[in-house]
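Colleague: Take this structure first; my questions come after.
The values are calculated or read from the model by the stated rules, or taken from the named source; none is laboratory data. As the structure is a prediction and not an experimental result, all values here were calculated from the model. No Cβ is skipped: glycine too gets one built from the backbone with ideal geometry, and neighbour counts run over all protein chains shown.
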């Protein structure tokens with residue numbers, strides 16, 4: 001008997017879907033016909049025929065199995081099928097696809113501290129005087145040419161993240177002032193603010209499901 005190509009990658013797919021809480025909640029509400037308030041959900045297994053989702057409803061943890069009709073035949077079909085099911089589920093529960101974001105939140109301390117610490121280390125290593133620890137670090141990594149390359153790469157990366165954040169702010173109608181704050185934070189610190197913004201979007205989507213069902 002041949003191995004289920006989808007089931008063999010179940011762990012990876014479940015981990016990937018853990019970043020899409022809003023989609024999983026929509027699956028549970030629409031395909032499993034769960035009428036109660038679904039606070040959270042996580043995919044526990046998936047194969048070519050179905051996916052199993054564990055969810056919390058009214059304070060109780062329950063489980064549902066959603067059948068793929070027709071079954072998924074090849075691995076490359078997984079993402080398109082899940083996306084199609086997401087669109088059907090979102091439409092079915094009447095959820096707003098693009099919630100308006102009107103808040104600004106700092107990312108978790110562990111992420112913000114990490115990137116802030118790296119930026120401060122980079123600044124210190126660049127500006128430190130001769131004979132200092134920073135000067136030794138600067139020499140260790142290759143001197144001024146390497147430091148210039150690091151600054152160039154960092155600037156390019158943070159600029160790209162800022163452009164992406166700008167697009168997200170436009171999509172979710174943050175307004176100019178709030179959007180500028182998100183963009184400047186992303187350009188300064190980096191990906192932690194992108195992660196936090198996407199987390200807020202997911203929370204708003206889940207809240208939208210709970211209001212409309």
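Colleague: Among the residues of region 32-77, which ones are touching a residue at least 60 places away in the same chain (Cβ under 8 Å), buried (at least 18 other Cβ atoms within 10 Å of the Cβ) and touching a strand residue (DSSP E or B) at 6+ places or on another chain (Cβ under 8 Å)?
Modeller: 38 - this is the single residue of region 32-77 that is touching a residue at least 60 places away in the same chain (Cβ under 8 Å), buried (at least 18 other Cβ atoms within 10 Å of the Cβ) and touching a strand residue (DSSP E or B) at 6+ places or on another chain (Cβ under 8 Å).
Colleague: Among the candidates 210, 198, 205, single out the residue that is at pLDDT below 90 and in contact with a strand residue (DSSP E or B) (Cβ under 9 Å, 6 or more places away or on another chain).
Modeller: Working: 198 fails: in contact with a strand residue (DSSP E or B) (Cβ under 9 Å, 6 or more places away or on another chain); 205 fails: in contact with a strand residue (DSSP E or B) (Cβ under 9 Å, 6 or more places away or on another chain).
Of 210, 198, 205, the one residue that is at pLDDT below 90 and in contact with a strand residue (DSSP E or B) (Cβ under 9 Å, 6 or more places away or on another chain) is 210.
Colleague: I need the full set of residues from region 50-74 which are touching a helix residue (DSSP H, G or I) at 6+ places or on another chain (Cβ under 7 Å) and farther than 14 Å from residue 31 by Cα, in order please.
Modeller: Scanning region 50-74 gives a single hit, 72.
Colleague: Filter region 15-31 for residues that are surrounded by 23 or more Cβ atoms within 10 Å (Cβ to Cβ) and out of contact with any helix residue (DSSP H, G or I) (no Cβ under 8 Å at 6 or more places or on another chain) and give the result.
Modeller: The one that is surrounded by 23 or more Cβ atoms within 10 Å (Cβ to Cβ) and out of contact with any helix residue (DSSP H, G or I) (no Cβ under 8 Å at 6 or more places or on another chain): 28.
Colleague: If you don't mind, another one. Tell me which residues, restricted to region 144-176, are in contact (Cβ under 8 Å) with a residue 60 or more places away in the chain and part of a helix (DSSP H, G or I).
Modeller: Those that are in contact (Cβ under 8 Å) with a residue 60 or more places away in the chain and part of a helix (DSSP H, G or I): 169, 171.
Colleague: For the subset of region 90-120 comprising residues that are in contact with a helix residue (DSSP H, G or I) (Cβ under 8 Å, 6 or more places away or on another chain) and more than 28 Å from residue 193 (Cα to Cα), which member is surrounded by the most Cβ atoms within 10 Å (Cβ to Cβ)?
Modeller: Residue satisfying both the conditions and the ranking: 93.
Colleague: Go through (1) touching a residue at least 40 places away in the same chain (Cβ under 8 Å); (2) outside any helix (DSSP H, G or I) one by one and return the number of the condition residue 131 breaks.
Modeller: Exception for residue 131: condition (1).
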